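Worksheet for the structure shown next.
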Amino acid sequence: MLGSTIRNQQQHVGLQKLSALAGIAHSSLGPNKKFKFVQDEESEESALVGSCVRVLDSLEQTCAVGQLVHETVQAHQRVYHTGSGCLLFLAGAWSRVALECLRNGVPVPHIVSAMTEGMDVCLAVCRKCSVSTGGVGVGPSKGFAPAPPGVGPVEASQATSNGQAATKVTHKTLNTSEHRKTKLSRHFCGGPTVRQAPRPDIAHVAEGLSHGCVRAMDLVVEASRLQSRMSQQDRQCPAFDVTKVVTCVLPGLPEEHAHVSPGCVVLLHAEQAFVARHLKERHLNVALIHGDLSSTYRHLGFNGLMGGQHVCDQPALSRLSKEEEWLVKVESLLLDLEVNLVLVSGLVSDALLQRCCRRHILLVGKVTVLKEFSNTTGAVPVTYATQLSKHCVGAGVKVAVLRDLRTSVTAVNISTSGSSSLVTAVITSLVHGKLQALEDQFWACAYRVHLALQDRALLPGAGETEMSCVYHLRKRAERQVERDRQETPYRALVLQRMADSFVDYISAVMANAGGISRVTAWTLVSQRLRDCDTQGGFSSDLSPLVQEEVPRVYDNVSVKQEAWRKALDLVFLLLQTDAEVITRVDRSGDGAPAGLMLL
Amino acid sequence: MSRLVQKSPSVCVDLPLDNSDVCHKLRLLGQLLSSCFGPTGRLKQVHNNIGGHVVTTSTSSVLLAAISSSQPLLNLIISSIRKHISRFSDCGLFAAFLCVALTEQAKQSGVRRNVVIGVNKHLLALCTRYLHQEDCWCKVELDFSSQNLITLARSVLSSKPGNMLTAKETLHISKLAVQAFLLTVPCNSTGTATLGKTVTVSVQGHSVLDSAVFPGLLVDMPDVFDQEGNQPSSPLCVGLFSVSLTGELSEVGDGIIEVHSGVDTHSQILDQLLEVGKQVVDDGVKLFVCQKVIHPVLQQYLRSHGVVVVERLGVNLMQPLAQLTGAQPVATLHTSIPATAYGKVKHLISRQFGSRTLLHLLPAEESEICTMVLCHRSETMLSELKVACQTTEHVLRLALREPLALLGGGCTETHLAAYIRHQGMHDISETASALECSHTECQRGVEAFCRSLESVAAALQHDGGNSLIDLTCAHHWTLPADEHSEDNLGRCGCGMMESSPSKKWSHLNSKYLDFCPAPVSRDSTVQPRVLDSFTAKVNALHVAVETANIALDVRYIIQDVN
């Protein structure tokens, strides 16, 4: 018999669990990402993971909170590909804020409304701090020369956006720059104070967005340059189109061999590679197949003849089998249509692969970019090979053997001669377990650049924005205290704690970046905030912890805002949850387990 | 070989309400549901015991659908409330908690069960009569030209904290809900007017403020290789198929077909599909929609002739689409399609919401179909918001039939309790003689009923605050936990009254001298801030009282344990 069980959460276990789970994020903030081992005690399998998303992915979520956190982080990751560490860290920090407020007897609705107000303050700070990237594009292609130094468009545009304030800021910057003493790391520092004329270059923005993944970001910059070179004639296209980037993971090569090449790179087996070598430097005719290429594959929703029985009037021995028949048919069709290359989104039948190799037709499976090839070659994707006809076949594809690894696989480049901006980032490593992390890092960097261009704005990174939030949250808290003690007695407390959680965040970033202890970091941040107070203002440009020659660090506006909001959503959901209802509980056992009540 | 197992005898429980286990579980159910009640209600995480999907909710429809009990008496209550929710969507928690409260109060009062049942019936009739009276002071008439509709919508939305909406977002969604509702009301129909339909499309990962309402339908674009052909001038001819066009024999049923080995059934059916395709193209169809899967070869054929193909529409969208386009869904392949089966759309627009590309079908003529695109940051909150929006739509529709609303925020409950207490005491002798019971018994019965109603109002408070009632209009007021004076209470639950030092108060759980509640002195500028659906609440009241009466009336529970 099945029923429901209710678990009461008097002690706000949910928030405590969230706080504990968020511990994963502590070391994943800042530029120095550390790897973690996730080990399964039972199977003794282990995984090397490089981000907190991957940690969550490889953990089995047994509790409701874990599932909720995983769902939130995954949803964030799907859209933004970066910022999950920030989300998780702040969810943990704010859950501790909520717990402390509860301990102080603040009622739940007050916590919710005060934290919402705090979030509004922070979002206003984001709006104020954000600097425009307008005009950032790809500079004239000049190989891979380093980007010209200087802050360029970013600060200049801020100066225009709030003119008066900016001049004040400059003045202050000059004053405070004398205080600069500490160098923590190249990642925890403000920008150079020299204001130059805008010198648009995506590489500059990219540098500030690399967040320690310099090599991955170099690949992204390379990809962007390649894309803009490939679509020279089309001036309208964005400087970097993340939808036209794919990755190819190539084990067995040192990491320095990572590079970006135009078109799509696939890994092929020896016999396919042989055909590829045969086909190189020729303009090929291409056919595109959506789904698997095999005799038994049927489109989604097709179940065949239900309840059908086959009746034969003669023994079937003398005749070709169904598969054989299909193989012959497809082979001759491909030959008739003079197709040299078939790109398949699913799997390719081995038998057909063998046959076609003999006929120098290259079949490539698991290709994810059929649409791009369809757009540039005019080929029409079909589901069944038998659907292929003259007008379905596209032309102008080239195949080149990229690198012979002298192993079982060969990397082959497939590109179109048309104006396609499809590029492939080839990611290499000698350590197989690292490949996943490297690929994740590449995508994180790619999306950071993509989102920066999309938002047309950036936030000062390395904790600068958070510092400004701390300042404004504290200011708001002080004003609350002054304004009305009776009406909002809790507001100041909640806002104060929220500010503290940001200090916590900044010190975690600093500690991870600079190898200093969290306590030292706390002290430095507090010192900095006191300085701001004595100067009677805070500006994101104002940065005593600056090293002149080092470029600025930036964060994405949308990523940060969304991560904060989602973190707060998580805290609110758990804060307002007081019970867990477990359904379909088997009641044959005796009594309810501890802490559970059977309904 | 069959084996005979001796049946175990049925289990009979005498007077289930005297059983401590039943009482304990009833109290638990009451706590579970009352803690979800209202805008500051607590959420529940619902999941199964094998790590299934976690739903965070405080909505009665989601919560009650998930829970079941080992006690048949509780299941009786749960299923009765579920039935109410399926008919009215709203006031489920009110009904459930009132029912539990009535049962518990009746037990505590110590009055004979049959007397309690009689008193309950009598008082329910009294309530119903009062609520339908002209001079019922907890009722407002809904004026469709004023803000009332938005207030009604906002009250429903803000009573679900799982939505995680800010005040601004709540207002935005309330306006959208009213807009969508108004779009489904036919403007100039003669004869029987039928309401249209609002289709909800949810998009995850976007700001709530990106949500919008569109006239017409938004359907998923075929993700594979959409084509934005140059559209011919409007209107476009639409073919709608409910039969599967996947290329299999779906209409065979359970029979067996014997097929000769040499026969390729697949290609034969495909030929038939292509026949359909040919006819459709000849008939000038520009939009081809199928509820189920379309064979890729047919899709390719149609696309090559400039037809926009939409497959896997799903059964839910079939009826709205048929209504929008005027097309008759084709359910068979065996006859040629009559020209009357085709419908029309005015225009097609491709719209992008995050990762979702939707095809917007605009109606050729006036149509009562609209689509509400709901956006929210995460799946959990989005699904809660979706349920809340559906409830809102239902509540607004109910308001069309009965353009009335009850004051929210607990004011209706306290007001009704005060009225019943006064009126019930007034004709107590008649009631007592009609029920053949003593004066005192009858009095305690009335008190139990009123306390139950008041406990529902008090259940809106979850943070240790106190519930008060004013002794003139009998509205509901909240005194926060850290406040001890009654000087600064602000406004009452529904927002119609403002506190003043001259007002007299009583705590809800304390006795006060009964009085006839007066109407709020009408200041036309003051509008109620919280409104509840009249129809849903009156029905919920009926369901709660009648279910409680049944629960009180159960003498034996006989369970077949085999």
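The values are calculated or read from the model by the stated rules, or taken from the named source; none is laboratory data. None of these values were measured; they are calculated from a predicted model. No Cβ is skipped: glycine too gets one built from the backbone with ideal geometry, and neighbour counts run over all protein chains shown. Heavy atoms of the whole protein, side chains included, go into the accessibility calculation; ligands, DNA and RNA do not. Shrake-Rupley method; radii C 1.70, N 1.55, O 1.52, S 1.80 Å.
Out of all the residues in the stretch A:355-379, which are within 19 Å of A:Trp326 (Cα to Cα), open to solvent by 40 Å² or more (accessible area, probe 1.4 Å) and outside any loop (DSSP other than H, G, I, E, B)?
Matches in the stretch A:355-379: A:Arg355, A:Arg358.
What's the total number of residues in the stretch B:364-385 that are aliphatic (A, V, I, L, M) and not in a strand (DSSP E or B)?
Summing the residues that are aliphatic (A, V, I, L, M) and not in a strand (DSSP E or B) in the stretch B:364-385 gives 4.
Which numbered condition in (1) under 22 Å from B:Ala180 (Cβ atoms); (2) surrounded by fewer than 20 Cβ atoms within 10 Å (Cβ to Cβ) is the only one that B:Pro363 fails?
(2)
Which one of these does A:Thr82 not meet: (1) more than 31 Å from the chain's Cα centre (by Cα); (2) not in a helix (DSSP H, G or I)?
(1)
Which number in (1) open to solvent by less than 20 Å² (accessible area, probe 1.4 Å); (2) in contact (Cβ under 8 Å) with a residue 40 or more places away in the chain; (3) within 14 Å of chain A (Cβ to nearest Cβ) marks the one condition that B:Thr170 misses?
Every condition holds for B:Thr170 apart from (2).
Does the stretch B:335-360 hold any residues that are open to solvent by 40 Å² or more (accessible area, probe 1.4 Å) and closer than 22 Å to B:Gln323 by Cβ, and which are they?
Correct list: B:Pro338, B:Ala339, B:Thr340, B:Lys344, B:Lys346, B:His347, B:Ile349, B:Arg351.
For A:Val108, which of the numbered conditions (1) within 12 Å of chain B (Cβ to nearest Cβ); (2) surrounded by 24 or more Cβ atoms within 10 Å (Cβ to Cβ); (3) closer than 21 Å to B:Ala167 by Cα; (4) among the aliphatic types (A, V, I, L, M) fails to hold?
It fails just one condition, (2).
Can we say B:Ala405 is touching a Ser or Thr at 6+ places or on another chain (Cβ under 8 Å) and closer than 22 Å to B:Lys197 by Cβ?
Criteria not met by B:Ala405.
Hey, B:Lys386 hits all of (1) surrounded by fewer than 21 Cβ atoms within 10 Å (Cβ to Cβ); (2) within 14 Å of chain A (Cβ to nearest Cβ); (3) modelled with pLDDT of 90 or more but one; which does it fall short on?
(2)
What residue, among those in the stretch B:110-147 that are assigned to a helix (DSSP H, G or I) and charged (D, E, K, R), is modelled with the lowest pLDDT?
Filtering the stretch B:110-147 for residues that are assigned to a helix (DSSP H, G or I) and charged (D, E, K, R), the one modelled with the lowest pLDDT comes out as B:Arg113.
Going by the conditions given, is B:Ser452 of a type in the set (Ser, Thr, Tyr) and surrounded by fewer than 20 Cβ atoms within 10 Å (Cβ to Cβ)?
No, not satisfied.
Which is outside any helix (DSSP H, G or I), within 14 Å of chain B (Cβ to nearest Cβ), open to solvent by 30 Å² or more (accessible area, probe 1.4 Å) and among the polar types (S, T, N, Q), of A:Gln61, A:Gln77, A:Gln67?
A:Gln61
Just checking, which of A:Ser558, A:Ser517, A:Ser526, A:Ser501 is at pLDDT 75 or above, among the small types (Gly, Ala, Ser) and in contact with an Asp or Glu (Cβ under 7 Å, 6 or more places away or on another chain)?
Every option except A:Ser558 fails the conditions.
Using the structure shown, decide if B:Val307 is without any contact (Cβ under 8 Å) to a residue 60 or more places away in the chain and open to solvent by less than 40 Å² (accessible area, probe 1.4 Å).
yes
Tally the residues that are in contact with a Gly (Cβ under 8 Å, 6 or more places away or on another chain) and assigned to a helix (DSSP H, G or I), restricting the search to the stretch B:175-190.
Residues in the stretch B:175-190 being in contact with a Gly (Cβ under 8 Å, 6 or more places away or on another chain) and assigned to a helix (DSSP H, G or I): 1 in total.
Looking at A:Glu256 and the list (1) touching a Ser or Thr at 6+ places or on another chain (Cβ under 9 Å); (2) open to solvent by less than 70 Å² (accessible area, probe 1.4 Å), which single condition is not satisfied?
That leaves (2) as the condition not met.
With the condition kept exactly as written, say whether any residue in the stretch B:68-83 is modelled with pLDDT under 90 and within 23 Å of the chain's Cα centre (by Cα).
yes
What is the number of the single condition among (1) more than 9 Å from every other protein chain (Cβ to nearest Cβ); (2) more than 23 Å from A:Cys63 (Cβ to Cβ) that B:Ala65 does not meet?
(2) is the only condition that B:Ala65 fails.
The rows are residues; the columns are (1) farther than 22 Å from A:Tyr505 by Cα; (2) free of Cβ contacts under 8 Å to residues at least 40 places away in the same chain; (3) more than 10 Å from chain B (Cβ to nearest Cβ).
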site: A:Val38; (1), (2), (3): yes, yes, yes
site: A:Glu41; (1), (2), (3): yes, yes, yes
site: A:Glu44; (1), (2), (3): yes, yes, yes
site: A:Gly50; (1), (2), (3): no, no, yes
site: A:Val53; (1), (2), (3): no, no, yes
site: A:Thr72; (1), (2), (3): no, no, no
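Here are B:Ile150, B:Ile85: which of them is crowded, with 21+ Cβ neighbours inside 10 Å, in a helix (DSSP H, G or I) and either more than 14 Å from every other protein chain (Cβ to nearest Cβ) or among the hydroxyl-bearing types (Ser, Thr, Tyr) (or both)?
Answer to the check: B:Ile85.
Test each condition in (1) farther than 30 Å from A:Phe274 by Cα; (2) over 21 Å from the mean Cα position of the chain (by Cα) for A:Val431 and report the one that comes out false.
Against the list (1) farther than 30 Å from A:Phe274 by Cα; (2) over 21 Å from the mean Cα position of the chain (by Cα), A:Val431 comes up short only on (1).
Taking the stretch B:35-54 as the region of interest, how many residues are more than 17 Å from the chain's Cα centre (by Cα) and among the hydrophobic types (A, V, I, L, M, F, W, C)?
4
Can you pull out every residue in the stretch A:21-76 that is hydroxyl-bearing (Ser, Thr, Tyr) and touching a Leu at 6+ places or on another chain (Cβ under 9 Å)?
The answer is A:Ser28, A:Thr72.
Working only within the stretch B:11-39, note down all residues that are within 10 Å of chain A (Cβ to nearest Cβ) and either open to solvent by 50 Å² or more (accessible area, probe 1.4 Å) or small (Gly, Ala, Ser) (or both).
Matches in the stretch B:11-39: B:Asp21, B:His24, B:Gln31, B:Ser35, B:Pro39.
Could you tell me whether the stretch A:15-24 includes any residue that is open to solvent by 40 Å² or more (accessible area, probe 1.4 Å), modelled with pLDDT of 85 or more and either in contact with an Asp or Glu (Cβ under 9 Å, 6 or more places away or on another chain) or basic (Lys, Arg) (or both)?
yes
Please verify whether B:Ala388 is in a helix (DSSP H, G or I), more than 21 Å from the chain's Cα centre (by Cα) and of a type in the set (A, V, I, L, M, F, W, C), treating the condition exactly as stated.
For B:Ala388, the condition - in a helix (DSSP H, G or I), more than 21 Å from the chain's Cα centre (by Cα) and of a type in the set (A, V, I, L, M, F, W, C) - is not met.
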